[in-house]
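Working notes, structure below.
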Amino acid sequence: MPEINTTAPEFTLSDKDGNERKLSDFRGKKVVVYFYSKDNTSGCTRQAQAFAALYEEFKAIGAEVIGISKDSAASHLRFAEKNSLPFVLLADPERKAIEAYGVWQEKKLYGKVSMGVVRTTFIIDEKGVILKIMPKVKPDANAADVLEFLKNLQ
């Protein structure tokens, strides 16, 4: 996993519309990159809806929100339309960014061990440097916690 005060790993992934997006496309803005397990699961849906509800506040302070999972671009399109998500969703089926950011980890659920995406949020500054890493976040509180952190930087 990258560390605070280091350059965030670059990535190029497809958005929900099939357009390639790079992290470096967002230079000049603070960027919230949150990794989640799967479209249309309860926790991931609540997390996405929380970011959507606060999205205008993120934009007002010059921050962009990017959600990344290993779902396909088509899945992201359906997820975004169903939940009116105004921010960028990126598809990482080959786990390039997921592994570069160290969020593909062993998980335990009901005693069963498997590999998967551990819900993690990275806050990146205008120059591409990681300001904060929030591991194992709670889906309902993550967006508000990130927004509070960013507002305290102002």
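The values are calculated or read from the model by the stated rules, or taken from the named source; none is laboratory data. In this text the structure is predicted, and so the values were computed from the model without any measurement. Every residue, glycine as well, gets a Cβ built from its backbone with ideal geometry; the counts of neighbours run over all protein chains shown.
Tabulated results
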quantity	calculated
Within segment 1-54, tally of residues that are closer than 14 Å to D92 by Cβ, surrounded by fewer than 16 Cβ atoms within 10 Å (Cβ to Cβ) and among the aliphatic types (A, V, I, L, M)	0
Selection status of S37, of a type in the set (S, T, Y), more than 24 Å from I4 (Cα to Cα) and modelled with pLDDT of 95 or more	no
Failed criterion for K82 (all others in (1) surrounded by 15 or more Cβ atoms within 10 Å (Cβ to Cβ); (2) under 18 Å from D17 (Cβ atoms) hold)	(1)
Single residue of L153, L77 found to be under 21 Å from A8 (Cβ atoms) and of a type in the set (A, V, I, L, M, F, W, C)	L153
So K136, is it charged (D, E, K, R), exposed (fewer than 12 other Cβ atoms within 10 Å of the Cβ), assigned to a loop (DSSP other than H, G, I, E, B) and modelled with pLDDT of 95 or more	no
Residues of segment 91-123 classified as in contact with a Ser or Thr (Cβ under 7 Å, 6 or more places away or on another chain) and either part of a strand (DSSP E or B) or free of Cβ contacts under 8 Å to residues at least 24 places away in the same chain (or both), total	5
Residue list for segment 50-90, restricted to those being assigned to a helix (DSSP H, G or I) and among the aromatic types (F, W, Y)	F51, Y55, F58, F79
Lone unmet requirement of (1) in a strand (DSSP E or B); (2) aliphatic (A, V, I, L, M); (3) in contact (Cβ under 8 Å) with a residue 60 or more places away in the chain for L147	(1)
Filter pass, R46 being under 14 Å from the mean Cα position of the chain (by Cα), touching a residue at least 24 places away in the same chain (Cβ under 8 Å) and outside any strand (DSSP E or B)	yes
Which listed residue is without any contact (Cβ under 8 Å) to a residue 24 or more places away in the chain, over 17 Å from K138 (Cβ atoms) and acidic (D, E), from D71, D25, D39	D25
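Matching residues to (1) within 27 Å of E57 (Cα to Cα); (2) surrounded by 15 or more Cβ atoms within 10 Å (Cβ to Cβ):
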{"residue": "E94", "(1), (2)": "no, no"}
{"residue": "A97", "(1), (2)": "yes, yes"}
{"residue": "G102", "(1), (2)": "no, yes"}
{"residue": "K108", "(1), (2)": "no, no"}
{"residue": "V118", "(1), (2)": "yes, yes"}
{"residue": "I130", "(1), (2)": "yes, yes"}
{"residue": "D140", "(1), (2)": "yes, no"}
{"residue": "F149", "(1), (2)": "yes, yes"}
{"residue": "Q154", "(1), (2)": "yes, no"}
